[in-house]
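Reviewing the structure listed below.
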Amino acid sequence: MKFRKIFAIGDIHGCSRKLTALLGMLPLDPHLDLLVFLGDYINRGPESKEVIDILLDLRQRVQNIVFLMGNHEHAIMEYAGTGDPDELRLLRPLGVEETLKSYGDKQVRQLRDLSFLPREHRSFLEGLLLFFRAESYLFTHAGIIPGEDIQTCSPDRLLSVRGPFLEYTGTLKETVVFGHTPFLTPFVTRDRIGIDTGAVYGNLLTAVELPVNRFYHA
């Protein structure tokens, strides 16, 4: 399918005010354009619940919209699925307590069955995609592992890759649009576009308009 424009938005991490401001800047046609979110909507920042509320509202208004899974969403879903204490220990440094606070100071034990989430929010997390292709672009949260089939790559590795992807000196078959690794300004090469600019660390939330590579910041 051919779109008028494609927009992708980087890691939000509970920064709902920046998300609202950024969305207000985009010259988005809700019927003709594609809007892709690259994951990591929650944790670290103070407004994870508000972010997902905004995304659910957008889903009702934007015809072509895609939500990818980030490593933060995957970590929560993995713990809920396995109950593995090691998974819980991984969640704490990811800032999951901020997410629980945003849902009304919920308890850590509620991560086990996701009972802190409204039903619609849980369904949202369960429906996140690992990657998405549109035209000449591959959208994924952290990148790819060059030489490895993305279809068979484990989510743990796909959602956390950095070095093997960023340092790869060959040419990729598609232009990969990704988040996960924070940069002060967008990372742009001939076949890679990184748009996590560290919104939750006091920097800006970034969107890219394709194919013109126009960037928007809030």
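The values are calculated or read from the model by the stated rules, or taken from the named source; none is laboratory data. What you see is a predicted model; the values in this text were computed from it and never measured. With ideal geometry, Cβ positions are generated from the backbone for all residues, glycine too; neighbour counts draw on all protein chains shown. Quick note on the areas: whole protein, heavy atoms, side chains included, nothing else; ligands and nucleic acids left out. Shrake-Rupley method; radii C 1.70, N 1.55, O 1.52, S 1.80 Å.
Among Phe183, Phe215, Phe132, which is the only one that is open to solvent by 30 Å² or more (accessible area, probe 1.4 Å), among the hydrophobic types (A, V, I, L, M, F, W, C), assigned to a loop (DSSP other than H, G, I, E, B) and in contact with a strand residue (DSSP E or B) (Cβ under 7 Å, 6 or more places away or on another chain)?
After applying the criteria, what remains is Phe183.
What about Asn64, is it touching a residue at least 60 places away in the same chain (Cβ under 8 Å), in contact with a strand residue (DSSP E or B) (Cβ under 6 Å, 6 or more places away or on another chain) and of a type in the set (S, T, N, Q)?
It is true that Asn64 is touching a residue at least 60 places away in the same chain (Cβ under 8 Å), in contact with a strand residue (DSSP E or B) (Cβ under 6 Å, 6 or more places away or on another chain) and of a type in the set (S, T, N, Q).
Go through the range 108-124 and report how many residues are within 17 Å of the chain's Cα centre (by Cα), free of Cβ contacts under 8 Å to residues at least 60 places away in the same chain and buried (at least 16 other Cβ atoms within 10 Å of the Cβ).
1
Table: residues versus (1) modelled with pLDDT under 95; (2) part of a loop (DSSP other than H, G, I, E, B).
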| site | (1), (2) |
| --- | --- |
| Pro46 | no, yes |
| Asp53 | no, no |
| His72 | no, no |
| Ala80 | yes, no |
| Leu100 | no, no |
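Take the residues in the range 186-212 that are in contact with a strand residue (DSSP E or B) (Cβ under 6 Å, 6 or more places away or on another chain) and either part of a loop (DSSP other than H, G, I, E, B) or basic (Lys, Arg) (or both); name whichever of them is surrounded by the most Cβ atoms within 10 Å (Cβ to Cβ).
That would be Ile195.
Quick one: in the range 87-97, of everything that is under 17 Å from the mean Cα position of the chain (by Cα) and of a type outside the set (Val, Ile, Thr), which residue is most open to solvent (accessible area, probe 1.4 Å)? Walk me through it before giving the result.
We begin by selecting, within the range 87-97, every residue under 17 Å from the mean Cα position of the chain (by Cα); these are 91, 94-96.
Keeping just the survivors that are of a type outside the set (Val, Ile, Thr) gives 91, 94-95.
Details: Leu91: 0, Leu94: 30, Gly95: 14 Å².
Only one residue fits best here, namely Leu94.
Go through the range 13-39 and give me each residue that's among the acidic types (Asp, Glu) and either touching a His at 6+ places or on another chain (Cβ under 9 Å) or open to solvent by 10 Å² or more (accessible area, probe 1.4 Å) (or both).
Asp29
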